[in-house]
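Student: Pasting a structure here, questions to come.
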Amino acid sequence: MPEIPKYLREGYIAPEELFKIIPKPSEERLRARPVAVPECPQEIPCAPCREICPTNAISMPTPNDLPVVDYDKCIGCSLCVQICPGLAFFMVHYVGDKARITMPHELLPLPERGEEVVLLNRVGEKVGRGRVVTVVPRERTKGDTPIITVEVPIELAWDVRAVRVVRE
Ligand code: SF4
Ligand code: SF4
């Protein structure tokens, strides 16, 4: 009987496991401009990310295949992050000693631009604090998920995948 992948047993995918499935962008590419990285390891029939990409950077021969991004073709438009129903696409950009992570944000309240927020890892544990750089609110009444970009310490670039707004 084949071994069940760790991400299925634990309910989230760690970066080490992810980058055995898809390539990791090079540091040079991560510094050049934002790059989209799919964290979508299951072969499910789904392809809106491939359909919306304006540069055909996402390859997926059939909707059951895994999305793989040609990082050189990605222009960092974030459309894949906005459309992914599985909240599985993120964008990463290294800027100096920080990383800017673009992610979907379904929780309330929506943070404001410039606000300091609590950074959460893939299991929802607090790993530090960061600052929100941009907010794209979108129309919740249509079921659209807002997306935000958060600046985090660069060593947390592959850990932070959500934030919590804490207002006293
Ligand atoms: S960010 Fe834009 S260009 Fe890059 S993979 Fe996503 S949709 Fe394509
Ligand atoms: S849209 Fe999201 S869930 Fe669907 S294949 Fe693309 S990355 Fe995976």
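The values are calculated or read from the model by the stated rules, or taken from the named source; none is laboratory data. Since the model is a prediction, treat every value here as computed from it, not as a measurement. Methodologically, a virtual Cβ is constructed for each residue, glycine included, from the backbone with ideal geometry; neighbour enumeration extends over all protein chains shown. Heavy atoms of the whole protein, side chains included, go into the accessibility calculation; ligands, DNA and RNA do not. Shrake-Rupley method; radii C 1.70, N 1.55, O 1.52, S 1.80 Å.
Student: Report the antiparallel proportion of the DSSP beta bridges in region 6-164 as a percent, rounded to a multiple of 5. The partial results should precede the final answer.
Tutor: Numbers: 31 of 31 bridges.
The answer is about 100 percent antiparallel.
Student: Also, quick follow-up: Where the accessible area of region 6-164 is counted over protein heavy atoms with a 1.4 Å probe, how much of it, in %, is carbon and sulfur?
Tutor: Numbers: 4240 of 8180 Å².
In region 6-164, the share of accessible area belonging to carbon and sulfur is 52 percent.
Student: Find the accessible area per residue for region 1-122; the probe is 1.4 Å, ligands and nucleic acids are left out, and the unit is Å². Don't jump to the answer; show the numbers that get you there.
Tutor: Details: 6620 Å² over 122 residues.
Result: 54 Å² of accessible area for each residue.
Student: If each DSSP helix of 4+ residues adds -39,500 (n - 2.57) and the sum is divided by the residues in the chain, what number results at 222 nm, nearest 500 deg cm²/dmol?
Tutor: Details: 5 runs with 28 residues, N = 168.
Per the formula, -3500 deg cm²/dmol.
Student: In sequence order, what are the phi-derived ³J(HN,Hα) couplings for region 129-136 according to the Karplus relation 6.51 cos²θ - 1.76 cosθ + 1.60 with θ = phi - 60°, rounded to whole Hz, with x for glycine and proline?
Tutor: 10, x, 10, 7, 9, 9, 9, 10
Student: In terms of modelled amide H atoms, which long-range or inter-chain residues lie less than 5 Å from the amide H of Val127?
Tutor: Those lying under 5 Å, H to H, from Val127 are Leu119, Leu120, Asn121.
Student: Which whole-Hz ³J(HN,Hα) couplings does region 50-66 yield from phi under the Karplus relation 6.51 cos²θ - 1.76 cosθ + 1.60, θ = phi - 60°, glycine and proline marked x?
Tutor: Result, rounded to whole Hz: 5, 5, 8, 5, x, 10, 6, 7, 9, 9, 6, x, 10, x, 8, 7, 7.
Student: By how many nm would the segment from Ile44 to Lys24 lengthen if fully extended, with 0.36 nm per residue of separation less the alpha-carbon distance? Intermediate results must be reported in sequence, preceding the final value.
Tutor: On the way: separation 20, 0.36 × 20 = 7.20 nm, distance 2.16 nm.
Difference between extended and current length: 5.0 nm.
Student: Over all distinct Cα pairs, what is the inverse of the mean 1/r for the chain, reported as the Kirkwood hydrodynamic radius in Å? Working shown, then result.
Tutor: Working: mean 1/r = 0.0608 Å⁻¹.
After inverting the pairwise mean of 1/r, the radius is 16.4 Å.
Student: Please give every one of the lysines within straight-line cross-link reach of Lys73, meaning a C-alpha to C-alpha distance under 16 Å, and leave out same-chain neighbours fewer than 8 residues apart.
Tutor: Lys24
Student: Turning to a different aspect of this structure: Testing the spin-label approximation: label points 7 Å from Cα along Cα→Cβ at Val165 and Arg31. State their distance in nm.
Tutor: Here the modelled spin labels are 3.5 nm apart.
Student: Considering amide H positions built from the backbone, and no H for Pro or chain starts, which residues 5 or more places from Val133, or on another chain, come under 5 Å of its amide H?
Tutor: Correct list: Gly114, Thr149, Val150, Glu151.
Student: Can you give the local net charge around Met60? Use residues other than it whose beta-carbon is closer than 15 angstrom to its beta-carbon, Lys and Arg +1, Asp and Glu -1.
Tutor: Numbers: positive: Arg50, Lys73; negative: Glu39, Glu43, Glu51, Asp65, Asp70.
Neighbour charge sum, excluding Met60 itself: -3.
Student: Pairing rule first: another cysteine's C-beta must sit under 4.7 Å. Under that rule, which cysteines of the chain stay single?
Tutor: Cys with no partner Cβ under 4.7 Å: Cys40, Cys46, Cys53, Cys74, Cys77, Cys84.
Student: If I ignore ligands, DNA and RNA and count only protein heavy atoms, how much of Thr102 is accessible to a 1.4 Å probe, in Å² to the nearest 10?
Tutor: 10 Å²
Student: Just Ala157, Ala32, Ala57 to compare: in a GNM of the chain, with alpha carbon springs under 10 Å, which one fluctuates most?
Tutor: Comparing Ala157, Ala32, Ala57 in a Gaussian network model of the chain, the most mobile one is Ala32.
Student: Here's another thing I want to ask about it. For the chain, what is the charge dipole size about the Cα centre, in debye to the nearest 20, if Lys and Arg each add +1 at the Cβ and Asp and Glu each add -1 at the Cβ? Please report the intermediate quantities before stating the final value.
Tutor: Details: 22 positive and 24 negative charges, 65 e Å.
The dipole magnitude comes to about 320 debye.
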